[in-house]
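Report on one structure; see the data block that follows.
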Amino acid sequence: MLGLIKKDFLMLKGNFKTWLILLFVYIVMAFQETTNLSFLLPFMCVVTMLSTFSYDSYNKWDAYVCSLPDGRKNSVRAKYIATLLLIFVTLLITTILTVIIDYYRTNAVNLESIVESIFGAIFATTLLQSIMYPAIYKYGVEKARIAIFIAVFGFALIGGVLSKYIDFESIIQGLAFLENYIMMIIPVIIVVMLYISYKIAETVYKRKEY
């Protein structure tokens, strides 16, 4: 499986310059304190990892990996692990840079804000990964993008209709007591979300014929 992870990383070498440009943009914006872009690089990791699916399809990778022992299972697992490794590495880099820049500008470090940004970025990127990967294994990259766009639009439409009949504000206020436990709840949600996504993707890929 290490070879499969390495394969995905090698396919991403062409995006290295783009990541450096984004890193430079992040540093400039952080010094100017215009907005928090700590999510930018982790988000781009997931987006660029989507390109590996296109490379696999173009090079008929799926037909080859099916011939390997536990090839399908290990291929799906490698995709998820490679993506998570990229997310955590880029989060580590942006966190270190944020600490250095904050200390340089204010001679202080707002750890609470940094931790909140980290949790927010992890949740957002893993949510994107959890939704996209099973859809890609089921429909392919292009069809998955269209399907997810339709799904998001559909949920937004349903949410807009329900908001006329349901008092969401009172529900949110009723859940305010969870605020003190949010740092414990989010990791649990992330783990459960990724596990369910992985099992769905694995099942779909095992049943697919090439």
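Derivation of every value follows stated rules applied to the coordinates shown; laboratory data play no part. Here the structure is a predicted model, which is why all the values come from computation and not from measurement. Because the Cβ atoms are built from the backbone with ideal geometry, glycine has one as well, and the counts that use them run over all protein chains shown.
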Original post:
Which peptide among 112-123, 12-23 comes first, and what is the full order, when sorted by highest mean count of other Cβ atoms within 10 Å?
Top reply: 112-123, 12-23
Subject >> Cα-projected label distance for residue 93 with residue 199, points at 7 Å along beta-carbon direction, nm >> reply: 3.5
**OP:** Go ahead and run the numbers for FRET between residue 100 and residue 143, Cβ-Cβ distance against an R0 of 41 Å, rounding to 0.05.
**Re:** 0.45
**OP:** Subtract the Cα-Cα distance of residue 55 and residue 123 from 0.36 nm times their separation in residues, and report this length gain in nm to one decimal.
**Re:** 21.8 nm
Subject >> Within straight-line cross-link reach of residue 79, lysines at Cα separation under 20 Å, skipping those fewer than 8 residues along the same chain >> reply: 6, 7, 13, 60, 138, 143, 199, 206, 208
Subject >> Label-point gap, in nm, between residue 208 and residue 47 - each point 7 angstrom along Cα→Cβ >> reply: 2.3
Subject >> Cα-projected label distance for residue 188 with residue 111, points at 7 Å along beta-carbon direction, nm >> reply: 2.4
